[in-house]
Amino acid sequence: MDTGDHVRRALADTAAHGSLLLARDPTMATLTHTRSVTRDTGESEAGGGLPVVLVEVVNFRALQSEGQLYPLTMALAGKLGLAQAQAGMTPSSAVNWTFRDGPRCELRDPTGAVLARFRHAIDPRWQAAARVSGTVLVLYGGALGVRPPDGLAAASYDDRTRNQELHASLAAGEVLAGVVTYLQE
(Lines give C-alpha, C1' and ligand atoms only; values in the text may rest on other atoms or scores of the structure.)
Protein backbone atom coordinates (compact mmCIF):
# COMPACT_ATOMS: atom_id res chain seq x y z
CA MET A 1 0.00 0.00 0.00
CA ASP A 2 1.44 3.40 -0.93
CA THR A 3 1.53 6.48 1.31
CA GLY A 4 -1.48 8.02 -0.44
CA ASP A 5 -3.60 5.00 0.43
CA HIS A 6 -2.51 5.22 4.07
CA VAL A 7 -3.45 8.91 4.16
CA ARG A 8 -6.86 8.28 2.55
CA ARG A 9 -7.63 5.50 5.04
CA ALA A 10 -6.56 7.66 7.97
CA LEU A 11 -8.78 10.52 6.80
CA ALA A 12 -11.74 8.18 6.21
CA ASP A 13 -11.50 6.61 9.68
CA THR A 14 -13.52 8.99 11.86
CA ALA A 15 -14.25 6.60 14.75
CA ALA A 16 -13.58 8.22 18.12
CA HIS A 17 -14.66 8.28 21.73
CA GLY A 18 -15.37 11.63 23.23
CA SER A 19 -16.08 13.44 26.43
CA LEU A 20 -17.54 16.88 27.01
CA LEU A 21 -16.48 18.59 30.21
CA LEU A 22 -16.20 21.97 31.81
CA ALA A 23 -12.90 23.22 33.19
CA ARG A 24 -12.19 26.36 35.16
CA ASP A 25 -8.67 26.91 33.88
CA PRO A 26 -8.40 27.82 30.18
CA THR A 27 -4.67 27.07 30.21
CA MET A 28 -5.37 23.34 30.79
CA ALA A 29 -3.12 23.27 33.85
CA THR A 30 -5.96 22.03 36.04
CA LEU A 31 -8.20 20.16 33.63
CA THR A 32 -10.53 17.83 35.42
CA HIS A 33 -12.96 15.20 34.27
CA THR A 34 -15.48 16.48 36.80
CA ARG A 35 -18.45 18.33 35.35
CA SER A 36 -19.38 20.51 38.32
CA VAL A 37 -18.18 24.07 37.94
CA THR A 38 -18.24 26.83 40.51
CA ARG A 39 -16.53 30.17 40.40
CA ASP A 40 -14.22 31.30 43.17
CA THR A 41 -17.19 33.25 44.52
CA GLY A 42 -18.94 29.96 45.20
CA GLU A 43 -21.67 30.61 42.64
CA SER A 44 -22.64 27.78 40.36
CA GLU A 45 -23.22 28.93 36.81
CA ALA A 46 -23.79 27.16 33.47
CA GLY A 47 -21.37 29.43 31.65
CA GLY A 48 -18.81 29.40 34.45
CA GLY A 49 -16.44 26.90 32.88
CA LEU A 50 -14.57 26.52 29.66
CA PRO A 51 -16.30 23.96 27.42
CA VAL A 52 -13.75 21.27 26.60
CA VAL A 53 -14.04 18.39 24.14
CA LEU A 54 -11.75 15.40 24.55
CA VAL A 55 -11.54 13.45 21.27
CA GLU A 56 -9.86 10.08 21.70
CA VAL A 57 -9.13 8.43 18.36
CA VAL A 58 -10.15 4.75 18.15
CA ASN A 59 -7.79 3.62 15.37
CA PHE A 60 -4.56 5.49 15.87
CA ARG A 61 -2.81 5.12 12.50
CA ALA A 62 0.94 5.24 11.93
CA LEU A 63 3.40 4.53 9.11
CA GLN A 64 6.63 2.59 9.46
CA SER A 65 9.39 4.04 7.29
CA GLU A 66 13.14 3.41 7.52
CA GLY A 67 12.83 2.12 11.07
CA GLN A 68 10.86 5.20 12.18
CA LEU A 69 7.23 5.20 13.28
CA TYR A 70 5.36 8.19 11.83
CA PRO A 71 2.11 9.02 13.71
CA LEU A 72 -0.09 9.62 10.66
CA THR A 73 -3.31 10.38 12.57
CA MET A 74 -1.67 13.15 14.59
CA ALA A 75 0.36 14.48 11.66
CA LEU A 76 -2.73 14.94 9.50
CA ALA A 77 -4.64 16.80 12.22
CA GLY A 78 -1.54 18.95 12.84
CA LYS A 79 -1.13 19.79 9.17
CA LEU A 80 -4.79 20.82 9.06
CA GLY A 81 -4.40 23.29 11.93
CA LEU A 82 -4.44 21.70 15.37
CA ALA A 83 -1.33 22.55 17.41
CA GLN A 84 0.62 20.49 19.91
CA ALA A 85 -0.96 20.98 23.30
CA GLN A 86 1.16 22.02 26.24
CA ALA A 87 0.00 22.12 29.84
CA GLY A 88 -0.07 25.68 31.13
CA MET A 89 -0.41 27.27 27.69
CA THR A 90 -3.63 28.45 26.09
CA PRO A 91 -3.98 26.85 22.64
CA SER A 92 -4.51 29.05 19.62
CA SER A 93 -7.62 29.18 17.48
CA ALA A 94 -7.87 26.43 14.91
CA VAL A 95 -8.98 28.49 11.92
CA ASN A 96 -12.08 27.17 10.13
CA TRP A 97 -12.39 24.10 12.37
CA THR A 98 -15.83 23.38 13.85
CA PHE A 99 -17.30 21.15 16.52
CA ARG A 100 -20.93 20.15 16.01
CA ASP A 101 -22.71 19.06 19.16
CA GLY A 102 -25.68 16.74 19.32
CA PRO A 103 -26.35 13.06 19.98
CA ARG A 104 -23.67 12.50 17.34
CA CYS A 105 -20.80 14.92 17.86
CA GLU A 106 -18.48 15.80 14.97
CA LEU A 107 -15.11 17.49 14.74
CA ARG A 108 -14.70 18.99 11.27
CA ASP A 109 -11.43 20.16 9.74
CA PRO A 110 -11.04 23.37 7.66
CA THR A 111 -12.10 21.56 4.47
CA GLY A 112 -15.43 20.61 6.09
CA ALA A 113 -14.52 16.93 6.30
CA VAL A 114 -15.34 15.03 9.49
CA LEU A 115 -12.10 14.17 11.27
CA ALA A 116 -13.75 12.51 14.28
CA ARG A 117 -17.25 11.41 15.17
CA PHE A 118 -18.65 10.06 18.43
CA ARG A 119 -21.95 9.68 20.26
CA HIS A 120 -22.53 11.58 23.47
CA ALA A 121 -25.48 12.27 25.72
CA ILE A 122 -26.79 15.84 25.57
CA ASP A 123 -25.37 17.91 28.43
CA PRO A 124 -27.40 21.13 28.86
CA ARG A 125 -24.80 22.80 31.17
CA TRP A 126 -21.99 22.11 28.71
CA GLN A 127 -24.12 23.32 25.79
CA ALA A 128 -25.00 26.53 27.64
CA ALA A 129 -21.31 27.27 28.26
CA ALA A 130 -20.45 26.49 24.62
CA ARG A 131 -23.26 28.70 23.30
CA VAL A 132 -22.13 31.61 25.48
CA SER A 133 -18.51 31.37 24.34
CA GLY A 134 -19.20 30.36 20.73
CA THR A 135 -16.04 28.24 20.84
CA VAL A 136 -14.82 25.07 22.53
CA LEU A 137 -11.36 23.84 23.43
CA VAL A 138 -10.67 20.58 21.59
CA LEU A 139 -8.00 18.14 22.77
CA TYR A 140 -7.27 15.40 20.22
CA GLY A 141 -5.18 12.28 20.72
CA GLY A 142 -5.08 8.61 21.59
CA ALA A 143 -5.08 8.56 25.41
CA LEU A 144 -6.96 11.47 26.95
CA GLY A 145 -8.81 9.84 29.80
CA VAL A 146 -12.01 9.14 27.89
CA ARG A 147 -12.08 5.33 27.90
CA PRO A 148 -10.29 2.83 30.10
CA PRO A 149 -7.03 1.49 28.65
CA ASP A 150 -6.97 -2.20 27.73
CA GLY A 151 -6.73 -4.34 30.82
CA LEU A 152 -8.09 -1.72 33.25
CA ALA A 153 -11.56 -2.30 34.67
CA ALA A 154 -14.02 0.56 34.15
CA ALA A 155 -14.67 0.63 37.92
CA SER A 156 -10.98 1.44 38.50
CA TYR A 157 -10.99 4.25 35.95
CA ASP A 158 -11.88 7.19 38.21
CA ASP A 159 -11.36 10.94 37.70
CA ARG A 160 -7.87 10.83 39.23
CA THR A 161 -6.79 8.07 36.84
CA ARG A 162 -8.35 9.90 33.89
CA ASN A 163 -6.50 13.10 34.78
CA GLN A 164 -3.21 11.20 35.11
CA GLU A 165 -3.65 9.67 31.67
CA LEU A 166 -4.44 13.05 30.09
CA HIS A 167 -1.51 14.80 31.76
CA ALA A 168 0.88 11.96 30.84
CA SER A 169 -0.17 12.34 27.17
CA LEU A 170 0.29 16.12 27.39
CA ALA A 171 3.76 15.70 28.89
CA ALA A 172 4.71 13.19 26.16
CA GLY A 173 3.62 15.61 23.41
CA GLU A 174 0.89 13.24 22.21
CA VAL A 175 -2.04 15.68 22.31
CA LEU A 176 -3.14 18.25 19.75
CA ALA A 177 -5.37 21.17 20.67
CA GLY A 178 -7.22 24.11 19.26
CA VAL A 179 -10.02 26.48 20.05
CA VAL A 180 -12.72 25.77 17.48
CA THR A 181 -16.08 27.23 16.52
CA TYR A 182 -19.05 25.64 18.26
CA LEU A 183 -22.14 24.61 16.26
CA GLN A 184 -25.22 23.09 17.89
CA GLU A 185 -27.61 20.77 16.02
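The values are calculated or read from the model by the stated rules, or taken from the named source; none is laboratory data. Being a predicted model, the structure only gives us computed values, none of them experimental. Cβ sites come from the backbone with ideal geometry, for glycine too, and all protein chains shown count toward neighbours. Accessible surface areas use protein heavy atoms only, side chains included; no ligands, DNA or RNA. Shrake-Rupley method; radii C 1.70, N 1.55, O 1.52, S 1.80 Å.
Please specify each residue of region 118-134 satisfying the condition of being in a helix (DSSP H, G or I), within 14 Å of residue 99 (Cβ to Cβ) and open to solvent by 10 Å² or more (accessible area, probe 1.4 Å). 127, 131, 133 - these are the residues of region 118-134 that are in a helix (DSSP H, G or I), within 14 Å of residue 99 (Cβ to Cβ) and open to solvent by 10 Å² or more (accessible area, probe 1.4 Å). Just one of the listed residues (76, 115, 54, 69) is in a strand (DSSP E or B), surrounded by 14 or more Cβ atoms within 10 Å (Cβ to Cβ) and out of contact with any Asp or Glu (no Cβ under 8 Å at 6 or more places or on another chain), namely 54. Residue count for region 115-129 under the criterion of being over 14 Å from the mean Cα position of the chain (by Cα) and aliphatic (A, V, I, L, M): the result is 4.
Of all residues in region 148-169, none that is at pLDDT below 85 has its Cβ atom under 7 Å from the Cβ atom of a residue that is loosely packed, with under 12 Cβ neighbours inside 10 Å, 6 or more apart or on another chain.
Is it true that residue 76 is at pLDDT 80 or above and not hydroxyl-bearing (Ser, Thr, Tyr)?
yes
Here region 135-171 is the region considered, the condition is being open to solvent by 60 Å² or more (accessible area, probe 1.4 Å) and not in a helix (DSSP H, G or I), and the residue that is nearest to residue 73 (Cα to Cα) is 147.
Which pairs have Cβ atoms under 6 Å, sit 6 or more apart or on different chains, and link a residue in region 80-101 that is at pLDDT 90 or above to one that is open to solvent by 50 Å² or more (accessible area, probe 1.4 Å) and among the charged types (D, E, K, R)? Short answer, once both residue conditions are applied: 98/108. None of 95, 132, 146 is in contact with a His (Cβ under 8 Å, 6 or more places away or on another chain) and aliphatic (A, V, I, L, M) except 146.
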